[in-house]
Amino acid sequence: MELVQKDYVFAELPSQAVHRLREWESVLKNELGEEITLIAYEKETPGGESTACRADVEGN
């Protein structure tokens, strides 16, 4: 499966939102029995230069 991310960039999330995503990943893991990774994107503004980046995946 190919994921096309045209016009989207990684969302810049506050630490509380990253914490909530991790909680949801844990809930899904418990329900499905599989590791699930949730990724947040936001629509890129036309002509805008994004400074957003991936959330700190190691929790540091």
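Things to note:
- The set of residues in segment 6-29 that are within 15 Å of Tyr41 (Cα to Cα), hydrophobic (A, V, I, L, M, F, W, C) and surrounded by 14 or more Cβ atoms within 10 Å (Cβ to Cβ) comprises Val9, Phe10, Ala11, Leu13, Val18, Leu21.
- The listed residue being among the acidic types (Asp, Glu) and touching a Leu at 6+ places or on another chain (Cβ under 9 Å), out of Glu31, Glu25, Glu12: Glu25
- Segment 19-60 - residue that is at pLDDT below 95 and basic (Lys, Arg) and, of those, farthest from Tyr8 (Cα to Cα): Arg54
- Residue tally, condition within 11 Å of the chain's Cα centre (by Cα) and in a strand (DSSP E or B), over segment 4-29: 2
The values are calculated or read from the model by the stated rules, or taken from the named source; none is laboratory data. A quick note: this is a predicted structure, and the numbers were derived from the prediction, not measured. All Cβ positions, even for glycine, are placed from backbone atoms using ideal geometry, and neighbour counts span all protein chains on display.
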